[in-house]
Amino acid sequence: MAEDTYKTMDGRAEVVVRARRTGELHQHLHGVAPPPPVPFQIPPAAAHFENRLAEQDRITRAVEDHTGRAGPPVVGLTGIGGVGKTALGFHEARRLSER
């Protein structure tokens, strides 16, 4: 019998065994791979982060107000380019993930 490996829609590998004599296609699962780990890919802390206490308080309140609701809290940061939205977002993501 010949074996071929195919990927399923969710990325798992499955082995398909083809029977030569009958021409039928038989599928045999040889173990299911565990789900991949949930990524935690917050970049390292910025070397020089300026305190933005008012913005940090607003983000913290928004996250705390979400307690008990379904799904993760979502906070959007807006502003012109170069004002530090990304640095603030990463800083707060790191800080809040430690709670």
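The values are calculated or read from the model by the stated rules, or taken from the named source; none is laboratory data. Predicted, not measured: the structure shown is a model, and the values here were computed from it. Every residue, glycine among them, receives a Cβ derived from its backbone with ideal geometry; neighbour counts consider all protein chains shown. Keep in mind that these areas ignore ligands, DNA and RNA; they rest on the heavy atoms of the full protein, side chains included. Shrake-Rupley method; radii C 1.70, N 1.55, O 1.52, S 1.80 Å.
A few points about this structure:
- Residues that are open to solvent by 60 Å² or more (accessible area, probe 1.4 Å) and over 20 Å from the mean Cα position of the chain (by Cα) within the stretch 71-99 comprise 78, 80, 81, 82, 83, listed in sequence order.
- Among the residues of the stretch 52-87, those that are of a type in the set (S, T, N, Q), modelled with pLDDT of 90 or more and not in a loop (DSSP other than H, G, I, E, B) comprise 56, 60.
- Only listed residue being assigned to a helix (DSSP H, G or I) and either at pLDDT 90 or above or not β-branched (Val, Ile, Thr) (or both), chosen from 90, 49, 40: 90
- Of the residues making up the stretch 35-82, those that are among the small types (Gly, Ala, Ser) and under 14 Å from residue 96 (Cβ atoms) are 45, 62.
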